[in-house]
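These notes are about the structure you will find just below.
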Amino acid sequence: MAREISMAPARATVRASTRPVISWGAVFGGAVVGLALFALLSSLWLALAFESGTSVVRTNLAWFLGGSALGCLFLGGIITGYLTGIRSAGSGILHGWSLWGLLMIVTIAIGIPSVLNIFGLDRVTTGLDSGSVGNVNALWASFWTILGGFVAAGLGGAIGGAVARQPGVMATTEAAPTVEDVDDHDHDRDTHHARVS
């Protein structure tokens, strides 16, 4: 029994990516999760500091809030890097920093009075007139939180980008190879007769 194999040329059509450099949907997705988690943790620290009277949390409230902000930016960066769909640590870092920048702009633009209170900057502006700056501990916590948030968002984005899901590729096949069994009984008999002759 012989086999006939017919090979038709197979061509794959791949659409070129028209994706922008920054996926703002991924950045907003990471920002939403990061902000929601930060709101949850902030309410926990404030409840422990003032309602429960936990002196450790009350004394170091700025550091607890800063640490929560760092953790939330790290997690938001991972989510942002993953949602881009591009498997690249460099792209993840870029998206993580975009997340950090977006959150900084939103925080400053929307909540200036509350940001001043959280970061202790209200004491700085009122203390400049009287000569006393206020709680220096809160100012350093603000600085390290902002700088650490930049690093945490970039690192989280790099991790999320390194494990990102593969982007969808549209491929179509026009023809596939086929294998067909052919009954070649007569050919064997003809070969046998040719040898006998």
Problem - Gained length - residue 87 relative to residue 39, 0.36 nm times residue gap less alpha-carbon distance - result: 14.3 nm
Exercise for the section: Report the full-extension gain for the segment residue 59 to residue 21: residue separation times 0.36 nm, less the Cα-Cα distance, to one decimal in nm. Expected result: 9.3 nm
Exercise for the section: Would you kindly find the accessible area of residue 146, with a 1.4 Å probe and non-protein molecules such as ligands, DNA and RNA excluded, rounding to the nearest 10 Å²? Expected result: 50
Practice task
First measure r as the distance between the Cβ atoms of residue 110 and residue 151, then evaluate 1/(1 + (r/R0)^6) with R0 = 30 Å and state the FRET efficiency to the nearest 0.05.
Solution key: 0.80
Problem - Potential extension, residue 50-residue 143 segment - 0.36 nm per residue separation minus Cα distance - result: 31.1 nm
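The values are calculated or read from the model by the stated rules, or taken from the named source; none is laboratory data. Given the structure is predicted, the values throughout are model-derived calculations rather than measurements. All Cβ positions, glycine included, derive from the backbone under ideal geometry; neighbour counts span all protein chains shown. Side chains are part of the model used for accessible areas, which takes the heavy atoms of the whole protein and leaves out ligands, DNA and RNA. Shrake-Rupley method; radii C 1.70, N 1.55, O 1.52, S 1.80 Å.
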